[in-house]
Amino acid sequence: MGLISLTISEVNSLVSEHFIKIFGNVVEHCPAAAIGILKYRPFNSTMDIYKAIVSYIDGLSINEKQNLLYFHPDFVSQLINLSRLQLENSPKKMNQTISLDMLPISEKRRLNTLNDRYKEKFGFPFVIFGKRNIDLILNEMEKRMENSPEKEIELAIQEVKKISRVRIHELIKN
């Protein structure tokens, strides 16, 4: 993402095959979302595209939403396995570095244990948008572990929508 920068007019004139290829990862590994929003063209703005994506996601069954979440990368495992990780914390590509170099081994173990428990309970990786601090991530994971599977799916889907919004804005010139 981010290498292509289209105008809304160019988006609307794309042949379906190219549209699906370009927008097929706005929702992680889900070209079906791009196919599902084709019917809403022509779009007037990036917000129209985002609303179409939200409509597509909201129309999924709870099982389809859970399957969609299953394909998200395991961000927490990446954190555990790397000593440094750059995360984008805004659509403007300002970067914040999360450093695990200074994180005590006990905290890495805690993160790993919590991540394993989360995936076992919910059946998909922990999805979060924009958190740049290990303590905030840990606190959010612990809090969300208390959720029912249905509630957690809906919370994780809200995070997916936020990620999708940023991805759409990366693809379109304003």
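Read the figures in this text as sums done on the coordinates, not as results from a lab. All figures in this text were calculated on a predicted structure; none of them were measured in a lab. Here the Cβ positions follow ideal geometry from the backbone for every residue, glycine too, while neighbour counts run over all protein chains shown.
Residue-by-condition table, conditions (1) within 19 Å of Lys173 (Cβ to Cβ); (2) under 22 Å from the mean Cα position of the chain (by Cα):
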| residue | (1), (2) |
| --- | --- |
| Thr7 | yes, no |
| Leu14 | yes, no |
| Glu28 | no, yes |
| Ala32 | no, yes |
| Ile35 | no, yes |
| Asn44 | yes, no |
| Met47 | yes, yes |
| Ile57 | no, yes |
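Are any of the residues in the range 9-28 among the basic types (Lys, Arg) and farther than 30 Å from Thr113 by Cβ? Before the answer, list the steps.
Pass one, the range 9-28, residues among the basic types (Lys, Arg): 21.
Keeping just the survivors that are farther than 30 Å from Thr113 by Cβ gives 21.
Yes, that holds for at least one residue.
So which residues in the range 15-48 are touching a strand residue (DSSP E or B) at 6+ places or on another chain (Cβ under 8 Å) and of a type in the set (A, V, I, L, M), if there are any at all? Full working, then the answer.
Narrowing the range 15-48 to residues touching a strand residue (DSSP E or B) at 6+ places or on another chain (Cβ under 8 Å): 22, 46.
Answer for the range 15-48, where residues must be touching a strand residue (DSSP E or B) at 6+ places or on another chain (Cβ under 8 Å) and of a type in the set (A, V, I, L, M): just Ile22.
I need a count of the residues in the range 5-34 that are closer than 22 Å to Pro73 by Cβ and assigned to a helix (DSSP H, G or I). Give the steps one after another, and end with the answer.
Within the range 5-34, the subset closer than 22 Å to Pro73 by Cβ is 20-34.
With assigned to a helix (DSSP H, G or I) added as a condition, the list becomes 20-23, 31-34.
Count: 8.
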